[in-house]
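To start, the structure under review is shown below, and the notes come after it.
The values are calculated or read from the model by the stated rules, or taken from the named source; none is laboratory data. These figures come from a predicted structure and were not determined experimentally. Positions of Cβ are backbone-derived with ideal geometry, glycine not excepted, and every protein chain shown enters the neighbour counts.
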Amino acid sequence: MPDNVKKLEGIRFVRGAGATLFDESGNGYLDFTCSYGPILLGHADARVNAAVAEQMARGVLFPYAPPCVDSLQEALVSFFPHADGCLFFKTGSEAVSAAIRLARAFTGRDRIVRSGFTGWHDASIAPHRKWHDHDHDVGAQPFERVPGVPAAVAQDVWPWDGCDLDALFDMARQDRRGVAAIVIDPVQLREPLQASAMACLQAARRLGALLIFDETKTSLRLGLGGAQALLGVAADLTVVGKALGNGFPLSAVLAAEPVLRHTAECRIKGTYNGEACSIAAALATLDVLRSAPDFAGRLAGLGTRMIEGFNRVAAAVGVSSAVKAVPYRWPAMPHVDFISGDRLAAAELSRRFSHALRERRMVWLPNHMNYLSLSHTAADVDAWLAACRDALAAGELADALRRVSA
């Protein structure tokens, strides 16, 4: 029966601790998915769990915001200089949708320009490409309409590669209604990253549009100020999420007061937006990060060790022309890229690789960036490299890679 919760055939994980997941039989698996990004400190972090338990004893949900909401707002605003306040949500998708609605209200325009995957809601997903493209092979896949999204909605969303300014301005000249916002997923920026980010900002200013940075994936993982702090860019609206609550569901939109003042008239509300346990989890997560010396540098260092080590392994077993490890823009989000002229064949190789690692008690996302947590160690990375050597050297995957290399 189809559902919208990802399942792993033959395995159900029932417990997590640090960098390890455990199945129903008690078998441990090193986890490099971090549950698609939210797990930053590690699974079942005792400090976060204690803060949540303390808040749970006082109450989970109140009719009006408890003091912890103000505390988290103040903390987040301190990380993003463009912001005067923030709005809380549960998922990145709804936060992006709220940011888009605010931008439309502020500018009085409807058109949205979008680059990268920014959520599943109508304005974020229509039209879309099926793949995350770390190498931005933009012409290799067409944009597709998503069933259930009205054509009228899709007409107000322009997909853009985030780089070709001339193409963007040509589109803008063809439609005099104007652009409300450019929505950027920073992991989809082209190299050089800083120049691409500045180009997006300049494009927004030239079009009289707002710039929205969807930092759902990058917030906290790259540092307290996210990708913007690294790139030297300040967006008009910022979306944060995933790692914010170390697994507890929480996201936020940060913006200046002139934008946020449209919140009430835009009817941006939600019963669970101020749910206190997730807020407590986020405050505890931030406390840990503030006390961790160069936590972002540590994650990047582990990612670099993983990427460089994998490429040495691939060269040693003779398959470096068929597979390589790369940073998915940043080393803290490593990616193993299978090189093939056939995208479907490359995707199948990635799935085989993930399966081979799972047989060796590792959890790795196929066809997607993976993640590191502060519970991972150099020994964990070295264990992963040993498993990769085994997977690449023998078996069906090795045979398939050698055929590609031939």
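Assess whether residue 355 counts as being surrounded by fewer than 22 Cβ atoms within 10 Å (Cβ to Cβ) and within 17 Å of residue 395 (Cα to Cα). I'd like the intermediate steps shown before the answer.
Numbers: surrounded by fewer than 22 Cβ atoms within 10 Å (Cβ to Cβ): yes; within 17 Å of residue 395 (Cα to Cα): yes.
Answer is yes for this residue.
Would you point out the residue of segment 184-233, among those that are modelled with pLDDT of 95 or more and assigned to a strand (DSSP E or B), that is farthest from residue 93 (Cα to Cα)?
The selected residue is 223.
Out of 296, 325, 314, 332, I need the residue that is in contact with a Leu (Cβ under 7 Å, 6 or more places away or on another chain) and in a strand (DSSP E or B). Which one? Write out each step before concluding.
Numbers: 296 fails: in a strand (DSSP E or B); 325 fails: in contact with a Leu (Cβ under 7 Å, 6 or more places away or on another chain); 314 fails: in a strand (DSSP E or B).
One residue alone meets the criteria, 332.
A quick yes/no check of all residues on (1) modelled with pLDDT of 90 or more; (2) assigned by TED's automatic domain parsing to the domain that holds residue 367; (3) under 21 Å from residue 267 (Cα atoms); (4) crowded, with 21+ Cβ neighbours inside 10 Å:
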| position | (1), (2), (3), (4) |
| --- | --- |
| 106 | yes, no, yes, yes |
| 121 | no, no, yes, no |
| 135 | no, no, no, no |
| 171 | no, no, no, no |
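Go through segment 204-226 residue by residue and tally those that are in contact with a strand residue (DSSP E or B) (Cβ under 6 Å, 6 or more places away or on another chain) and small (Gly, Ala, Ser).
Total satisfying the criteria: 4.
Given the conditions (1) at positive phi; (2) within 23 Å of the chain's Cα centre (by Cα); (3) surrounded by fewer than 24 Cβ atoms within 10 Å (Cβ to Cβ), and given that residue 246 satisfies all but one, which numbered condition is not satisfied?
Among (1) at positive phi; (2) within 23 Å of the chain's Cα centre (by Cα); (3) surrounded by fewer than 24 Cβ atoms within 10 Å (Cβ to Cβ), the lone unmet condition for residue 246 is (3).
Just a yes or no: is a residue in segment 140-163 modelled with pLDDT of 90 or more and more than 26 Å from residue 250 (Cα to Cα)?
So far as segment 140-163 goes, no, none of its residues is modelled with pLDDT of 90 or more and more than 26 Å from residue 250 (Cα to Cα).
One line per residue, one yes/no per condition, for (1) buried (at least 16 other Cβ atoms within 10 Å of the Cβ); (2) touching a residue at least 12 places away in the same chain (Cβ under 8 Å); (3) over 30 Å from residue 77 (Cβ atoms):
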| site | (1), (2), (3) |
| --- | --- |
| 263 | yes, yes, no |
| 270 | no, yes, no |
| 291 | no, no, no |
| 306 | yes, yes, yes |
| 329 | yes, yes, no |
| 333 | yes, yes, no |
| 338 | yes, yes, yes |
| 342 | no, no, yes |
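Could you please find all residues in segment 141-183 being free of Cβ contacts under 8 Å to residues at least 40 places away in the same chain and part of a loop (DSSP other than H, G, I, E, B)?
Selection gives 142, 143, 145, 146, 147, 148, 149, 150, 163, 164, 176.
Which helices (runs of 4 or more DSSP H) does segment 29-116 wholly contain that include 3 or more residues that are in contact with a strand residue (DSSP E or B) (Cβ under 7 Å, 6 or more places away or on another chain)?
In segment 29-116, the matching helices (runs of 4 or more DSSP H) lie at 67-79, 92-107.
Are any of the residues in segment 216-233 touching a helix residue (DSSP H, G or I) at 6+ places or on another chain (Cβ under 8 Å), surrounded by fewer than 20 Cβ atoms within 10 Å (Cβ to Cβ) and either farther than 30 Å from residue 287 by Cβ or hydroxyl-bearing (Ser, Thr, Tyr) (or both)?
no
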